[in-house]
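Okay, so here's the structure we're looking at.
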Amino acid sequence: MADKRETDAISGVSTTGHEWDGIKELDNPMPSWWLYTFYACIAFAALWVVLYPSLPFVRGVLGYTTRNDFTGVMREQQARAEPMLARLRAATPAEIAADPELRGYALAGGRIAFATNCAGCHGSGGQGATGGFPSLADDDWLYGGTFDAIHTTISVGARNGENPEARGVQMPAFAAAGLSMAQVDDVAEYVLSLSGTGGDATAAARGAPLYVENCVACHGETGEGNRDLGAPRLNDRIWLYGGDKASVVRTIAYARAGVMPSWSSRLDAATINMLTVYVHALGGGER
Amino acid sequence: MPDTTSPAAPSSLYAPHRKVYPRAVKGRVRSIKWIVLAVLLGLYYIVPWLRWDRGPGVPNQAVLADISNARLFFFWIELWPQEIYFLTGFLILAAIGLFAATSLFGRVWCGFTCPQTVWTDLFMWVERRIEGDRNARMKRDAGPPSRDRTLRRIAKHAAWIVIAVATGGAWIMYFQDAPTLVRQLATGSASTETYFFVALFTATTYMLAGFAREQVCTYMCPWPRFQGAMLDQDSLVVTYREWRGEPRGKLKGAGHGDCVDCGACVHVCPTGIDIRDGQQLECIGCGLCIDACDEVMGKVNRPDGLISFETLANLAASTAATARFAPGPERQQAGMAARTRLHLIRPRTMMYAGVLAFVVAVMLAGFLLRDTLTLTALAERAPPFVRLSDGGIRNAYTLKLADKTRDAGHYVLTLQGPPGLQLLVQDVETDASGRPILPARPDGVATFRALVTAGPELPLREHAELRFRLLDAEGHVVASGKSVFLGPER
């Protein structure tokens, strides 16, 4: 195949000697503009290797890195946002919510900060999850739903062992604190009856004195809860760990407690303010 | 090794460029073309300067595609990006109009109104003013280099570039405020993009009208390739009446037809073809050969119309009627007598007219029924519903109120759906009966968050239809948006 170079009768140009099904290729030279473009590309590549990082462990003469480029851009963006962030830092969440301009900015910024930091436990729309992740969109609050209460909860967290002011008191495990499982069962019936969802009235009646003895201090006489302690309301339809009897029995016997990090050491004051306004607007905010 | 399988010397598939030197011509068609050119160029340059008062803070340019603010202004009409289908409809209208015009009158678009033709005509006119007519230009181009030739060429290209810049600049004026743009261009403070696009359209105008010319029509433009589908035997096309002209020959000779073979039709042709060869792809139907031929026929005392706008059906009828005639006035009369009137009403033209009327009706209806106030309700999906402490169920919605007017109206929001649902809109005022009042954002979209709550005792379905309705001051529904209420079935 290689030795069949011949001169084409029409164009007078030699063929390459390759032939496929009778089709032969003319051995025309490359157009010179093409060739020079090719040489120029080689020269450009050589220059590029010297100036920019192209080989492993070689930085290039200009010292350019995409990482520096990125941090520079980020610094620029932060500088641009700084005047607004300063205002958000200086104002209280309630003041921010009252100012349409600040509120719009805080809702947008809070949404992003929420998705980054909070959605992992509380869900993308603040809906929470059974198992101790409270919904932030409903009207039930462990520590209160005012701007100040939300702000404090975000700042200090709950039962995290890192912030001495963290929210929440640990509930005792009553199976270990002296109640028999039969008694736990009776208390559970009584607790369910507080929200009108219980079934066994006699068991509930047996549980009533046990409730007064063991639970009233934190959860209140009618099960209204205590926000200072983070003791949940028991007379509503919202259950952190499930409202069926087995879940309630388990909660009383072995205790439950949610943990939330303290965000004051992790997030900027402006971000916490924006988060407060955003969470307040999810649907459960109290005035 | 000699190749014995190749044929002797096949004709080349490559056509080298032959420069066309069209001669100036005067006549009826040329006059019409000058008028069309003046009107179209006038429109093109004047329209961006027309003003239309829309109130403060709004562009007052009558025709403006405001790309940066995503609005299309056309006199009293203002379109949003989501209404781009009106532009699509307009383009469809233009296409069908083009089909209809082609089936009736042949390549009138190509020959009279196409920008390529209009600007090429303008550039040729400039060329003639500076370098002279066909013969002078051919002679000068073929002759030795001279100072005169160089100076004329420089002058011609300078004039072309001035026209090209004006063309490119005027095009940008349809996208930016014209007076502001001119001021910015004059002071050098326009944006880089502006300079880029002015330069781009300057370059294309200069190249297409100055150099590429007929090659655009012959090689680049798709329209000549498929317009054959719109033409038929009854469409008007520029034709040479072969039955009358042939056999062509000198005026003095005997037995010749009316064509004196002077070549005038070839010399004036902007695409450099000979119309006497019959229908050709290259012919743009400009009709300048008609003027040229009529002028010659007048000089030799023969009737006009040896080249004419004629239908192929008439041409065939004339040819058949004159088959046995010898050249002479009798043949001319017999041929002309065999022609029939132009058939404007044919199935093809009726079909185009019908489609045209249909699209116009659809567009008009769409435009007259166009909503200037729209309400969109988007149900939040995370979470689909929230359980409240009393056992109630709450859904949240994002309401988007788009107001295409600039009235800054306020509207009362009501809810239509299963009875007993409570409606609350965050961060808005309410009227005396507690209904939320939504302030519209003039020429913009206002976003609200609505919370709809079903009390604990309300029976629920998994999926209930809801409609948010917007009422004006008189209580009329001005906009509404559909959504659903989700909950656990009970």
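The values are calculated or read from the model by the stated rules, or taken from the named source; none is laboratory data. None of these values were measured; they are calculated from a predicted model. Neighbour counts are summed over all protein chains in view; Cβ atoms, including those assigned to glycine, are modelled from backbone coordinates with ideal geometry. Only protein heavy atoms, including side chains, enter the accessible area calculation; ligands, DNA and RNA are left aside. Shrake-Rupley method; radii C 1.70, N 1.55, O 1.52, S 1.80 Å.
Going by Cβ distance under 4.7 Å, what cysteines of chain B have no possible disulfide partner?
Lacking a cysteine Cβ partner under 4.7 Å: B:Cys110, B:Cys114, B:Cys217, B:Cys221, B:Cys259, B:Cys262, B:Cys269, B:Cys283, B:Cys286, B:Cys293.
What do you get for trypsin sites (Lys or Arg not before Pro) in the range B:390-440 restricted to DSSP loop and a cutoff of at most 11 other Cβ within 10 Å of the site's Cβ? Walk me through the numbers on the way to the answer.
Numbers: sites: B:Arg394, B:Lys400, B:Lys404, B:Arg406; in loops: B:Lys404, B:Arg406.
Sites meeting the loop and neighbour criteria: none at all.
Based on DSSP H runs of at least 4 residues, each adding -39500 (n - 2.57), what is the mean residue ellipticity at 222 nm of chain B after dividing by all its residues, to the nearest 500 deg cm²/dmol?
Numbers: 14 runs with 185 residues, N = 490.
Value at 222 nm, helices only, nearest 500: -12000 deg cm²/dmol.
Please give the per residue accessible area of the range B:232-337, computed with a probe of 1.4 Å over protein heavy atoms only, in Å². Can you show the working numbers first?
Values: 4660 Å² over 106 residues.
Ligands and nucleic acids excluded, the result is 44 Å² per residue.
Helix B:288-299 sits at what angle to the longest principal axis of chain B, using alpha carbons and giving 0 to 90 degrees rounded to 10?
So the helix axis and the longest Cα principal axis differ by about 30 degrees.
Trypsin sites (Lys or Arg not before Pro) within the range A:1-52: which are DSSP loop residues with at most 16 other Cβ atoms inside 10 Å?
Details: sites: A:Lys4, A:Arg5, A:Lys24; in loops: A:Lys4, A:Arg5.
Sparse-neighbourhood loop trypsin sites (Lys or Arg not before Pro): A:Lys4, A:Arg5.
What chymotrypsin sites (Phe, Trp or Tyr not before Pro) does the range B:275-367 have in DSSP loop regions with at most 16 other beta carbons within 10 Å? Could you put the intermediate results ahead of the total?
Numbers: sites: B:Phe309, B:Phe325, B:Tyr352, B:Phe358, B:Phe367; in loops: B:Phe325.
Qualifying residues, ordered by number: B:Phe325.
What net charge do the residues around A:Thr251 carry, taking every other residue with its C-beta under 13 Å from that of A:Thr251, with Lys and Arg at +1 and Asp and Glu at -1? Before the final figure, lay out each step's value.
Numbers: positive: A:Lys245, A:Arg250, A:Arg256; negative: A:Asp185, A:Asp244.
That sum, taken over residues with Cβ under 13 Å, equals +1.
For the range B:28-228, what is the Kirkwood estimate of the hydrodynamic radius, computed as the reciprocal of the mean inverse distance between distinct Cα atoms, to one decimal in Å?
Working: mean 1/r = 0.0513 Å⁻¹.
Here the Kirkwood hydrodynamic radius works out to 19.5 Å.
Just the number, please: carbon plus sulfur as a percent of the accessible area of the range A:65-170, 1.4 Å probe, no ligands or DNA/RNA counted. Kindly include the intermediate steps, with their values, before the conclusion.
Working: 3200 of 5690 Å².
Heavy-atom surface of the range A:65-170 belonging to carbon and sulfur, 1.4 Å probe: 56 percent.
Once phi is turned into ³J(HN,Hα) by the Karplus curve 6.51 cos²θ - 1.76 cosθ + 1.60 with θ = phi - 60°, what whole-Hz value does each residue of the range B:353-363 show in order, with x for glycine and proline?
Once θ is set to phi - 60°, the couplings for the range B:353-363 become 4, x, 4, 4, 4, 4, 5, 4, 5, 4, 5 Hz.
Name the residue from B:Leu438, B:Phe309, B:Met350 whose Cα lies farthest towards the positive end of the charge dipole of chain B, charges +1 on Cβ of Lys and Arg and -1 on Cβ of Asp and Glu.
B:Phe309
Under a GNM of chain A (C-alpha, springs under 10 Å), which listed residue has the highest mean-square fluctuation: A:Ser193, A:Ser54, A:Ser264?
Taking springs between Cα atoms under 10 Å, the residue moving most is A:Ser54.
Kindly report, to the nearest 10 Å², the accessible surface of A:Met274 as traced by a 1.4 Å probe over protein heavy atoms only.
10
Give the shape of the protein assembly as shown as rounded, prolate or oblate, defined through the alpha-carbon gyration tensor: a ≥ b ≥ c are the square roots of its eigenvalues, a/c under 1.5 means rounded, and otherwise the shape is prolate if a/b is larger than b/c and oblate if not.
On the way: a/c = 2.95, a/b = 2.29, b/c = 1.29.
Prolate.
Show me you know the interface measure: the accessible area buried between B and A, both chains summed, probe 1.4 Å, in Å² to the nearest 100.
So the buried area, both faces added, is about 1500 Å².
Once phi is turned into ³J(HN,Hα) by the Karplus curve 6.51 cos²θ - 1.76 cosθ + 1.60 with θ = phi - 60°, what whole-Hz value does each residue of the range B:65-70 show in order, with x for glycine and proline?
After applying 6.51 cos²θ - 1.76 cosθ + 1.60, I find 9, 7, 5, 5, 9, 6 Hz.
Number of Lys-Lys pairs in chain B under 30 Å by Cα, sequence gap 8 or more or different chains?
Summing the qualifying lysine pairs gives 21.
What is the log10 of I(q)/I(0) for the range A:81-135, computed with the Debye formula using one identical point scatterer on each Cα and no solvent, at q = 0.13, 0.25, 0.27 Å⁻¹?
The Debye formula, applied to the Cα set alone, gives -0.41, -0.92, -0.97.
Determine ³J(HN,Hα), in whole Hz, for all residues of the range B:223-240 in sequence, where each value follows from phi through the Karplus function 6.51 cos²θ - 1.76 cosθ + 1.60 and θ = phi - 60°; x replaces Gly and Pro.
Per-residue couplings from phi come out as 4, x, 5, 10, 6, x, 5, 8, 7, 9, 5, 9, 7, 6, 9, 6, 9, 9 Hz.
Quick one: putting +1 on the C-beta of Lys and Arg, -1 on the C-beta of Asp and Glu, what dipole do you get for the protein assembly as shown around its Cα centre, in Debye to the nearest 20?
3900
Kindly identify the range B:232-337 as rounded, prolate or oblate by the Cα gyration tensor criterion: order the square roots of the eigenvalues as a ≥ b ≥ c, call it rounded if a/c is under 1.5, otherwise compare a/b with b/c, prolate if a/b is larger, else oblate.
Working: a/c = 1.88, a/b = 1.14, b/c = 1.66.
Oblate, because a/c is 1.5 or more while a/b does not exceed b/c.
Just to verify a number: FRET efficiency for B:Lys400 and B:Val39, C-beta to C-beta distance, R0 = 45 Å, to 0.05? Can you show the working numbers first?
Values: r = 44 Å, r/R0 = 0.99.
Approximately 0.50, to the nearest 0.05.
Run the numbers on the range A:226-243: which residues show a drop of 40 Å² or more in accessible area, chain on its own versus all protein chains together, using a 1.4 Å probe over heavy atoms?
Hits at the 40 Å² cut-off: A:Arg237.
Would you list B:Thr374, B:Thr447 from the most to the least accessible area, probe 1.4 Å?
Descending order: B:Thr447, B:Thr374.
Can you give the Kirkwood hydrodynamic radius of the range A:181-254 from its Cα pairs, in Å with one decimal?
Numbers: mean 1/r = 0.0841 Å⁻¹.
About 11.9 Å for the range A:181-254.
Let me know the charge dipole size of the range A:107-193 about its Cα centre in debye, to the nearest 20, where only the beta-carbon of Lys, Arg (+1) and Asp, Glu (-1) is charged. Spell out each step's value before the answer.
Details: 3 positive and 9 negative charges, 78 e Å.
Here the size comes out at about 380 debye.
Counting only protein heavy atoms, what percent of the accessible surface of chain B is carbon or sulfur at a 1.4 Å probe? Intermediate values should be presented prior to the final figure.
Working: 16750 of 26200 Å².
Accessible surface attributable to carbon and sulfur in chain B totals 64 percent.
Positive end of the charge dipole of the protein assembly as shown (Lys, Arg +1 and Asp, Glu -1 on Cβ, about the Cα centre): tell me which of A:Ala173, B:Ala382, B:Val268 has its Cα farthest that way.
Sorting the options by dipole projection puts first B:Val268.
Under a 1.4 angstrom probe, counting protein chains only, how are B:His476, A:His18 ranked by accessible area, largest first? It would help to have the intermediate numbers written out before the result.
Working: B:His476 110, A:His18 65 Å².
Correct descending sequence by accessible area is B:His476, A:His18.
What Kirkwood radius, in Å to one decimal, follows from the Cα pairs of chain B?
28.9
Can you give the local net charge around B:Asp258? Use residues other than it whose beta-carbon is closer than 15 angstrom to its beta-carbon, Lys and Arg +1, Asp and Glu -1.
Numbers: positive: B:Arg241, B:Arg244, B:Arg248, B:Lys250, B:Lys252, B:Arg276, B:Lys299, B:Arg302, B:Arg331; negative: B:Glu242, B:Glu246, B:Asp261, B:Asp294, B:Glu295, B:Asp304, B:Glu310, B:Glu330.
Net local charge, B:Asp258 excluded: +1.
Pop the C-beta distance of B:Leu87 and A:Arg256 into the FRET formula with R0 = 56 Å and round what comes out to the nearest 0.05. List each step's numbers first, then the result.
Details: r = 61 Å, r/R0 = 1.10.
So, using R0 = 56 Å, E works out to roughly 0.35.
Quick one: helix B:178-187 against the long Cα principal axis of chain B, what's the angle to the nearest 10°, folded into 0 to 90?
70
Just going by the charge dipole of chain A, with Lys and Arg at +1 and Asp and Glu at -1 on Cβ, which of A:Gly12, A:Thr251, A:Pro29 is farthest out on the positive end?
A:Thr251
Where does the charge balance sit around B:Phe73 when Lys and Arg score +1, Asp and Glu -1, over other residues with C-beta under 14 Å from its C-beta?
On the way: positive: B:Arg51, B:Arg54, B:Arg71, B:Lys404, B:Arg406; negative: B:Asp53, B:Asp66, B:Glu78, B:Glu83, B:Asp177, B:Asp443.
Net of charged neighbours comes to -1.
Determine the shape class of the range B:373-486: with a ≥ b ≥ c the square roots of the Cα gyration tensor eigenvalues, call it rounded for a/c under 1.5, and otherwise prolate if a/b is greater than b/c, oblate otherwise.
Working: a/c = 2.08, a/b = 1.80, b/c = 1.16.
Cα axes put the range B:373-486 in the prolate bin.
Taking Cα atoms, how many degrees apart are the long axis of helix A:201-214 and the longest axis of chain A, rounded to 10 and kept between 0 and 90?
The helix A:201-214 is inclined about 90 degrees to chain A.
May I ask you to find the residues of the range B:366-394 that are shielded by at least 30 Å² of accessible area once the whole protein assembly is considered instead of their isolated chain (probe 1.4 Å)?
Buried by 30 Å² or more upon assembly, which counts only protein chains, are B:Ala382, B:Pro383, B:Val386, B:Arg387, B:Leu388, B:Ser389, B:Arg394.
What span do the alpha-carbon atoms of chain A cover on each of the three principal axes, reported in whole Å from largest to smallest?
Reported extents, whole Å, longest axis first: 113, 53, 37.
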